[in-house]
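> Following this message is one structure expressed as structure tokens.
The values are calculated or read from the model by the stated rules, or taken from the named source; none is laboratory data. Treat the numbers as computed from the prediction; the structure is a model and nothing was measured. Cβ placement follows ideal geometry from the backbone for every residue including glycine, while neighbour counts extend to all protein chains displayed.
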Number of protein chains: 2
Amino acid sequence: MKKYTYPDKSQWPQLCKRPAFDPAELENKVASILKTVQVNGDQALLNYSREFDKVELDSLSISLTDKTFTIDSKLAEAIKVAKSNIEKFHGSQKEETRVIETMQGVACWRKSIAIQKVGLYIPGGSAPLFSTLLMLVIPAQIAGCNEIVVCTPADKSGGLNEVIGWTCKLLGIKKIFLTGGAQAIAAMTFGTASIPKVDKIFGPGNQYVTAAKQMAQKIGVAIDMPAGPSEVLIIADDSAYPAFVSADLLSQAEHGSDSQVVLVSDSEKLIAEVGIELQKQIEDLPRKEIAEQAVASSRSILLESLDVAVEFSNEYAPEHLIIATENVDAIAEKVTVAGSVFLGNWSCESAGDYASGTNHTLPTNGYAKNYSGVSVDSFVKKITFQKLTEEGIKNLGPHLEKMAEAEQLKGHKNAVSLRLEKLKPS
Amino acid sequence: MKKYTYPDKSQWPQLCKRPAFDPAELENKVASILKTVQVNGDQALLNYSREFDKVELDSLSISLTDKTFTIDSKLAEAIKVAKSNIEKFHGSQKEETRVIETMQGVACWRKSIAIQKVGLYIPGGSAPLFSTLLMLVIPAQIAGCNEIVVCTPADKSGGLNEVIGWTCKLLGIKKIFLTGGAQAIAAMTFGTASIPKVDKIFGPGNQYVTAAKQMAQKIGVAIDMPAGPSEVLIIADDSAYPAFVSADLLSQAEHGSDSQVVLVSDSEKLIAEVGIELQKQIEDLPRKEIAEQAVASSRSILLESLDVAVEFSNEYAPEHLIIATENVDAIAEKVTVAGSVFLGNWSCESAGDYASGTNHTLPTNGYAKNYSGVSVDSFVKKITFQKLTEEGIKNLGPHLEKMAEAEQLKGHKNAVSLRLEKLKPS
């Protein structure tokens, strides 16, 4: 880790920088994939599977209704616990409709209604991300989405990963589509004979997927949020366990060589001890090389106080923020920008990544400044309604006329005047 | 209006089409404006004011603290009523923090925290849109945004429109920036010596503004939603007043020649009567030519029943939906896609445009399928928090280990194992 000691505030913007990644660079390649899928549909997807994933698929979809999958019983139990916790937390996000009478006879309310068709992208790669499946399917189901389209690349044998299959069955998903990368995003954007067109696309992915989602957004499909490499910032003081802090940093570092891990502390001692622990723990990681690259380009920052540390964190805008300090609640109160926050020595990021109940699809790359993580909100539109009684339009109408007149919109005024006229005692 | 009688469902997608508008066509022009503002800052803005707005500005900002503005007292009262109603409705959207214990020792909650810096764009043009000022400033203030940057083009004399100035004072806005169009969006995206860089940009505008917002989004600034021409769809039956329906259609049509107005009914008689009323009412509109163009390209659609009418409306995804039928509540229950819905004969769109309390910044162009209108939600991030006790990690930890192992993320597992180890009785 690169060490910074009491950096001047003028240096902060530099310390908050993420590695440059411009999805626009991939735009030509990705645009060509989108176009090809739009024109050739399923055939294009089958070709890309052959070309990119080296598998020959008979069909792009697998019906799960008559299939069974077998997984380790302890893992099955863990996934069930995760499901239950995620359901509890996301279930609490449902919004009740409340009618507000803003003035006599003028009732306004809003109602959360599910986005009808959503597309969930579950990346393949080195390991099957069944946790992402839980994190996206559960809020979609709680929201009440009519159609939940799940795309994931086929495994090396052209089939579906066993744990993904088992988790789909547990969640009641009846069909899954075997396509990955930018072409999966294209399929859900335009629709193909096999894969339905959706209204909003969710899920993480590599730079191609990110670029494809960005382009899909320009075509009229909504997306969950912009993406970037995963990141954690830890605020720790002398009350923290260096071994825990190191392990938390490494759990982020192992994601990818471009993962961002940042340690901020008011204690030189803690920073030194974490440095030693890191070297020790990293040796045992199967993804050691990746973690080493991530750690090499990461930062530890010694600051004057924990207050300054939070201030720095708010400027950095971390996806994950772990606060391992004394008086953790008081520090947490000062957090204004972060994706998800983990408080105290026992709240490791892994808890939120898998099973505590919060969502793990979070804004990275500084987007915590202006985006929220995925929640039930992400799967609904909030439609406003209003109903004016005769009394309501009588009360409000004259004001509406005045305002419409001032904005020189006579038609807007007429719509009111005609109604007021009708209600005049004859 | 073009009449369609019992169109087959296969025709619906065609009837739901909006006029093609591709902001990408403007991309070169707008990209050049963005670049120029990024490089030359304030000077670029002053140059654009001279070039596009034909005004020579001394300063890009006006401090309002020592200024007074005078407006008609009835208008002042109307604006105050609107403010109060909008505050009441948006005030009800604030979300309370609720702590959910998903399992023993595992507490999760989420907290709405304001986006720190927001930029509000208020278009100039033929009339000052003080209503948009109300609709954007009030939710930003309720959310608690730290910095609210308001940009609007100078009037022809290089000053600030009196009603806009008065409304700003009423809202407690202390400073306003005199710049418009794509260059205003550029200024808030990059920041200039005078105008602060913001985290999220809100507000309507022409095609240049729309294209600029879309490009700003790629640079890291969030935006409220994609934009398009304004639109209304009215579902009416024989219980509706043809004069009201016509006036509501025209209040939308007068916005612009590209405004979309659609009438859907189960009554041939109503459609005919509305047609006659339209011709009569349009004559008196100062913006008659604009309205005529909009009406000429608009549609009336006779359908089998009101149920089919709602089904069509859900496919059309209107920004504004007026339901003027018997049993209006039963019909409203079936609405799954719309920006804002107006129920019954007395709820004209003008009410929501100005002063009933709901927001008038709504998804158009079919985006009601996957976006919500502006609300307090639009001005906050919802940050999740979690806190595990020793008991919590003991309960959850073994499941986390199992899941991390299955996703082949040893670092994630270690972060848990070290904690469980520490808690083992020695």
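> Within the set of pairs 6 or more residues apart or between chains, which connect a residue that is at negative phi inside region B:400-414 to a residue that is aliphatic (A, V, I, L, M) and not in a helix (DSSP H, G or I) with Cβ atoms less than 7 Å apart?
Correct list of pairs: B:LEU400/A:ALA355; B:MET403/A:ALA355; B:GLU407/A:ALA127; B:GLU407/A:LEU129; B:LYS410/A:LEU285; B:GLY411/A:LEU285.
> Take the conditions in a loop (DSSP other than H, G, I, E, B) and of a type in the set (Gly, Ala, Ser) and apply them to B:SER347. Does it pass?
Taking the combined requirement at face value, the residue satisfies it.
Yes/no matrix, rows are residues, columns are (1) assigned to a loop (DSSP other than H, G, I, E, B); (2) without any contact (Cβ under 8 Å) to a residue 60 or more places away in the chain; (3) over 19 Å from A:LEU233 (Cβ atoms):
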{"site": "A:HIS255", "(1), (2), (3)": "yes, yes, no"}
{"site": "A:ASP258", "(1), (2), (3)": "yes, no, no"}
{"site": "A:LYS269", "(1), (2), (3)": "no, yes, yes"}
{"site": "A:GLU273", "(1), (2), (3)": "no, yes, no"}
{"site": "A:LEU278", "(1), (2), (3)": "no, no, no"}
{"site": "A:GLN281", "(1), (2), (3)": "no, yes, no"}
{"site": "A:GLU292", "(1), (2), (3)": "no, yes, yes"}
{"site": "A:ILE301", "(1), (2), (3)": "no, no, no"}
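> So B:PRO153 clears everything in (1) in contact with a Gly (Cβ under 6 Å, 6 or more places away or on another chain); (2) surrounded by 20 or more Cβ atoms within 10 Å (Cβ to Cβ); (3) under 30 Å from A:TYR354 (Cβ atoms) except one condition, right? Which one?
The failed condition is (3).
> Looking at region B:398-410, which of its residues are in contact with a Ser or Thr (Cβ under 8 Å, 6 or more places away or on another chain) and either modelled with pLDDT under 95 or under 17 Å from B:THR102 (Cβ atoms) (or both)?
B:LEU400, B:MET403, B:GLU407, B:GLN408, B:LEU409, listed by residue number.
> Related question: Name the residues in region A:343-363 that are closer than 24 Å to A:THR167 by Cβ and either more than 7 Å from every other protein chain (Cβ to nearest Cβ) or of a type outside the set (Ser, Thr, Tyr) (or both), would you?
Of everything in region A:343-363, those that are closer than 24 Å to A:THR167 by Cβ and either more than 7 Å from every other protein chain (Cβ to nearest Cβ) or of a type outside the set (Ser, Thr, Tyr) (or both) turn out to be A:CYS348, A:GLU349, A:ALA351, A:GLY352, A:ASP353, A:ALA355, A:GLY357, A:ASN359, A:HIS360, A:THR361, A:LEU362.
> Give all pairs with beta carbons closer than 7 Å in which a residue from region A:157-177 that is within 14 Å of another protein chain (Cβ to nearest Cβ) meets a residue that is of a type in the set (S, T, N, Q); count only pairs at least 6 apart in sequence or on separate chains.
A:GLU162/A:THR70; A:ILE164/A:THR152
> Can I ask one more? Checking B:ALA211 against (1) over 17 Å from A:PRO226 (Cβ atoms); (2) more than 11 Å from chain A (Cβ to nearest Cβ): exactly one of these is not met. Which one?
Result: B:ALA211 passes all but (2).
> In region B:332-346, what count of residues is obtained for those that are without any contact (Cβ under 8 Å) to a residue 12 or more places away in the chain and farther than 21 Å from B:ALA243 by Cβ?
Number satisfying all stated conditions: 2.
> Here's another thing I want to ask about it. Given (1) facing another protein chain (nearest Cβ under 7 Å); (2) free of Cβ contacts under 8 Å to residues at least 40 places away in the same chain; (3) out of contact with any helix residue (DSSP H, G or I) (no Cβ under 6 Å at 6 or more places or on another chain), where does B:LYS88 come up short, assuming only one miss?
Result: B:LYS88 fails condition (2) only.
> For the subset of region B:316-331 comprising residues that are touching a residue at least 40 places away in the same chain (Cβ under 8 Å) and small (Gly, Ala, Ser), which member is nearest to B:SER259 (Cα to Cα)?
Only one residue fits best here, namely B:ALA317.
> Could you tell me whether any residue of region A:81-100 is touching an Asp or Glu at 6+ places or on another chain (Cβ under 7 Å), outside the structural domain of A:ASP258 (by TED's automatic domain parsing) and either part of a helix (DSSP H, G or I) or β-branched (Val, Ile, Thr) (or both)?
Looking through region A:81-100, none of the residues is touching an Asp or Glu at 6+ places or on another chain (Cβ under 7 Å), outside the structural domain of A:ASP258 (by TED's automatic domain parsing) and either part of a helix (DSSP H, G or I) or β-branched (Val, Ile, Thr) (or both).
> For region B:222-231, name all the residues that are of a type outside the set (D, E, K, R) and either surrounded by 24 or more Cβ atoms within 10 Å (Cβ to Cβ) or outside any strand (DSSP E or B) (or both).
The answer is B:MET225, B:PRO226, B:ALA227, B:GLY228, B:PRO229, B:SER230.
> A:LEU120: more than 9 Å from chain B (Cβ to nearest Cβ), among the aliphatic types (A, V, I, L, M) and surrounded by fewer than 24 Cβ atoms within 10 Å (Cβ to Cβ), yes or no?
Against the criterion (more than 9 Å from chain B (Cβ to nearest Cβ), among the aliphatic types (A, V, I, L, M) and surrounded by fewer than 24 Cβ atoms within 10 Å (Cβ to Cβ)), A:LEU120 does not qualify.
> Right, B:ILE71: in the same structural domain as B:LYS200 (by TED's automatic domain parsing), touching a strand residue (DSSP E or B) at 6+ places or on another chain (Cβ under 8 Å) and either closer than 21 Å to B:PRO196 by Cα or part of a loop (DSSP other than H, G, I, E, B) (or both) or not?
no
> Another question, if that's okay. Take the residues of region A:369-426 that are of a type in the set (Gly, Ala, Ser) and within 7 Å of chain B (Cβ to nearest Cβ): which is surrounded by the most Cβ atoms within 10 Å (Cβ to Cβ)?
By that ranking, first place goes to A:ALA415.
> Has region A:329-337 got any residue that is closer than 27 Å to B:GLU421 by Cα and among the basic types (Lys, Arg)?
No.
> Quick check, is B:GLU326 at negative phi, in a helix (DSSP H, G or I), acidic (Asp, Glu) and over 26 Å from the mean Cα position of the chain (by Cα)?
For B:GLU326, the condition - at negative phi, in a helix (DSSP H, G or I), acidic (Asp, Glu) and over 26 Å from the mean Cα position of the chain (by Cα) - is not met.
> OK, next. Considering only region B:79-117, state which residues are among the β-branched types (Val, Ile, Thr) and surrounded by fewer than 19 Cβ atoms within 10 Å (Cβ to Cβ).
Within region B:79-117, B:THR97, B:VAL99, B:ILE113 meet the criteria.
> Which of the following residues is modelled with pLDDT of 95 or more, more than 26 Å from A:GLU231 (Cα to Cα) and polar (S, T, N, Q): B:THR389, B:THR358, B:THR384?
Answer to the check: B:THR358.
> Hey, among B:ASP258, B:ASP248, B:ASP199, B:ASP237, which residue is in contact with a Lys or Arg (Cβ under 6 Å, 6 or more places away or on another chain) and either surrounded by fewer than 24 Cβ atoms within 10 Å (Cβ to Cβ) or within 11 Å of chain A (Cβ to nearest Cβ) (or both)?
B:ASP199
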